[in-house]
Amino acid sequence: MIADRDIVEDGLCQDLESLSVSRKLVRSVSQKLRKKRIHRSAGDEEETANGFSLRCLTLYGRGGGCKVGADTSEEFGDSSNRRRSSASEEGKGFKPICGAEETGVDCFSYGRKDRFWKRSNRKELEYEGSNRNSRINLSLPDDILEMCLMRLPLSSLMNARLVCKRWNNLTTTPRFMQMRSEGLYQTPWLFVFGAVKEGYCTGEIHVLDVSLNQWHNINAEVLRGRFMYSVASMRDEIFIVGGCSSLTSFGRVDRSSFKTHKSMLVFSPSTKSWRKVASMKYARSSPILGISEVSLDCPVVHSQSNRQDRRFPRSRLGGVSDVYEDPHRLSVRRQLRNLSDENAGFLAPIKKQCRPLRHRNETSSLRDKRFVLIAIGGLGSWDEPLDSGELYDSVSNKWIEIPKLPVDFGIVCSGVVCNGTFFVYSESDKLAGYDVERGYWTVVQTTPSPPRVHEYYPKLVSCNSRLFMLSVSWCEGDGQIGRRNKAIRKMWELDLVYLAWIEVSVHPDAPMDWNAAFVADKNLIFGVEMFKIFGQVLDFFTICNVSDKVMKWSHISRNRVALELDASSCVTKTIMAIHL
């Protein structure tokens with residue numbers, strides 16, 4: 001009995017010695033436990049959610065102990081008893097030595113636990129972040145998203161369309177385009193067409209974001225190999241009309257053997273989409289274009305279309321003429337046809353008023369408006385100058401012939417639409433106007449035209465319902481014109497009341513490019529000069545604000561495009577400016 005008691009007492013002493021710790025360790029453990037009680041709830045939730053314990057680093061040395069925890073068994077001479085972490089004991093069958101698992105010692109240093117958890121659960125964080133963003137996206141209604149996306153610049157808007165299908169669908173609707181065009185969030189963009197590299201028409205379009213002074217390139221495969229075409233813009237769309245392409249060597253600028261085109265393409269920069277519309281009646285290269293909005297019941301469109309319908313009557317399906325029919329049947333059918341035409345004209349406004357309301361809301365005002373595009377002059381299939389003209393109707397998607405130019409007017413070199421009149425200027429310094437609504441030509445008798453150098457053709461520009469002309473003339477010296485000291489480019493404005501040309505500005509650059517291009521959009525006039533000098537092609541882009549009291553030209557870009565182009569680009573280039 002005494003021997004058994006001695007054995008029990010020795011075992012208890014050994015147990016007490018193994019459980020005893022120093023005061024210093026107890027103090028440090030109590031401080032850590034006090035700090036951990038504050039964050040214990042949050043820590044427990046994180047550990048329970050992830051399915052494993054993060055109370056101690058699962059990193060061990062060769063002896064198998066915790067690298068952060070202290071070895072307390074050496075003070076009592078027992079090296080076998082090492083303090084092990086609770087995380088390691090879960091898998092190896094050891095019990096925690098410092099109380100329950102909830103109050104165990106955290107061997108992580110400050111911030112190491114969160115860092116380790118983020119590194120181990122990076123995919124879960126990304127998934128939770130995507131879910132959070134999707135919840136925010138779903139919580140916002142379409143109207144709020146449209147108002148936010150509408151205020152983005154065009155370059156950022158194009159990137160926003162790649163976020164998700166919902167954003168892409170919202171930003172490509174006609175309603176969104178109309179809201180953005182009516183707002184004050186659009187910025188001017190300048191498009192340069194007709195680039196030629198190494199003798200080939202690449203079809204590449206160089207685009208300048210004027211507000212950010214950044215250049216972009218658009219690869220247009222449909223324009224590859226085409227040159228000497230003209231462009232016009234309406235409602236955030238660009239129309240490419242006519243042009244030539246080589247027959248022997250496709251893609252090269254070769255006028256020895258070429259084909260003249262009738263087709264017209266439409267390019268939408270906001271959606272980067274192309275579409276083909278009705279072709280012209282006659283093939284033209286470098287035609288003079290004018291585009292204008294008209295009323296839905298434009299008389300010139302109806303009169304010209306009815307005239308052409310009478311000129312080319314439709315034949316019967318059977319191939320038999322109406323003359324060999326029964327006279328009574330023929331007269332009855334003609335009466336019914338006339339009656340149906342009158343009813344159609346009478347019921348047309350009623351049908352427009354009785355359209356469904358839903359269809360009206362979905363269809364933007366852009367489709368309700370009607371516009372016409374006029375193409376006149378240019379060179380024909382045999383490289384001959386043309387004096388005829390055609391008119392494209394956006395509603396019927398047809399080309400209609402218009403009256404020819406006045407007699408002895410000359411070859412048209414420039415044209416633009418201003419206040420509903422299509423003004424054209426000839427090489428013989430004559431000005432004529434075509435009334436778009438009524439459909440007739442009028443010769444405008446102005447005061448003596450501004451003096452100019454005949455090698456440089458004048459350019460007409462319309463801006464803010466004002467008509468301007470840019471021409472090159474020699475500097476005046478001692479009151480005489482013709483002293484060839486220096487050539488300058490001047491801008492003139494036509495006084496529509498007194499029909500007199502008034503000088504308003506002088507271009508800062510010397511007129512090195514005889515085919516300089518000028519285009520206007522809203523209150524801004526853009527100019528592009530491209531020429532070859534000392535074996536290198538240079539380009540200068542300028543801008544002028546006509547709303548200023550003193551109109552001055554300023555440079556916006558220099559030698560950014562033409563360094564990689566051929567000298568033939570100086571002839572084939574054409575520009576267009578749009579607010580997007």
- Task: Return yes when residue 534 is at pLDDT 90 or above and aromatic (Phe, Trp, Tyr) and no when it is not.
- Result: no
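Of all residues in segment 249-265 being within 28 Å of residue 411 (Cβ to Cβ) and exposed (fewer than 15 other Cβ atoms within 10 Å of the Cβ), which is modelled with the highest pLDDT? It would help to see each step written out before you state the result.
First pass over segment 249-265, keeping only residues within 28 Å of residue 411 (Cβ to Cβ): 252-265.
Still in the list and also exposed (fewer than 15 other Cβ atoms within 10 Å of the Cβ): 255-257, 259.
Numbers: 255: 73, 256: 76, 257: 78, 259: 90.
Restricting to residues being within 28 Å of residue 411 (Cβ to Cβ) and exposed (fewer than 15 other Cβ atoms within 10 Å of the Cβ), the top hit is 259.
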- Inside segment 477-580, counting only strands (runs of 3 or more DSSP E) that do not spill past its ends, which hold 2 or more residues that are crowded, with 19+ Cβ neighbours inside 10 Å? 487-495, 500-506, 517-521, 524-533, 536-545, 574-579
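Test residue 472 against the criterion of being open to solvent by less than 40 Å² (accessible area, probe 1.4 Å) and modelled with pLDDT of 95 or more, and give yes or no.
Numbers: open to solvent by less than 40 Å² (accessible area, probe 1.4 Å): yes; modelled with pLDDT of 95 or more: no.
Spelling it out, it is not the case that residue 472 is open to solvent by less than 40 Å² (accessible area, probe 1.4 Å) and modelled with pLDDT of 95 or more.
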- Note on the structure: Checked segment 548-567 for anything out of contact with any Cys (no Cβ under 9 Å at 6 or more places or on another chain) and of a type outside the set (Lys, Arg); matches are 548, 550, 555, 556, 557, 559, 561, 563, 564, 565, 566, 567
- The condition from (1) farther than 26 Å from residue 281 by Cβ; (2) in a strand (DSSP E or B) that residue 414 misses is numbered (1)
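Pull up segment 205-235, narrow it to residues that are among the small types (Gly, Ala, Ser) and assigned to a strand (DSSP E or B), then point me to the one that is most open to solvent (accessible area, probe 1.4 Å). Break it down into steps so the answer makes sense when it comes.
Restricting attention to segment 205-235, the residues satisfying the condition of being among the small types (Gly, Ala, Ser) are 211, 220, 225, 230, 232-233.
From the residues that got through so far, the ones that are assigned to a strand (DSSP E or B) too are 230, 232-233.
Details: 230: 17, 232: 8, 233: 33 Å².
Ranking the qualifying residues of segment 205-235, first place goes to 233.
So, residue 403, is that one free of Cβ contacts under 8 Å to residues at least 60 places away in the same chain and within 23 Å of residue 529 (Cβ to Cβ) or not? Walk me through it before giving the result.
Working: free of Cβ contacts under 8 Å to residues at least 60 places away in the same chain: yes; within 23 Å of residue 529 (Cβ to Cβ): no.
So residue 403 does not fit the description; no.
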- Task: Taking the residues in segment 371-399 that are part of a strand (DSSP E or B), open to solvent by 10 Å² or more (accessible area, probe 1.4 Å) and of a type in the set (A, V, I, L, M, F, W, C) as candidates, determine which candidate is farthest from residue 259 (Cα to Cα).
- Result: 371
- Message: Kindly evaluate residue 185 against the criterion of being outside any helix (DSSP H, G or I), modelled with pLDDT under 85 and either open to solvent by less than 70 Å² (accessible area, probe 1.4 Å) or not β-branched (Val, Ile, Thr) (or both).
- Response: yes
- Residue pairs meeting the criteria (Cβ under 8 Å; at least 6 apart or on separate chains; first part of a strand (DSSP E or B), in segment 240-261; second surrounded by fewer than 20 Cβ atoms within 10 Å (Cβ to Cβ) and among the acidic types (Asp, Glu)): 246/254
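The values are calculated or read from the model by the stated rules, or taken from the named source; none is laboratory data. All values derive from a computational prediction rather than experimental measurement. Cβ: placed from backbone, ideal geometry, glycine included. Neighbour counts: every protein chain shown. SASA here: full protein model, heavy atoms, side chains in, ligands and nucleic acids out. Shrake-Rupley method; radii C 1.70, N 1.55, O 1.52, S 1.80 Å.
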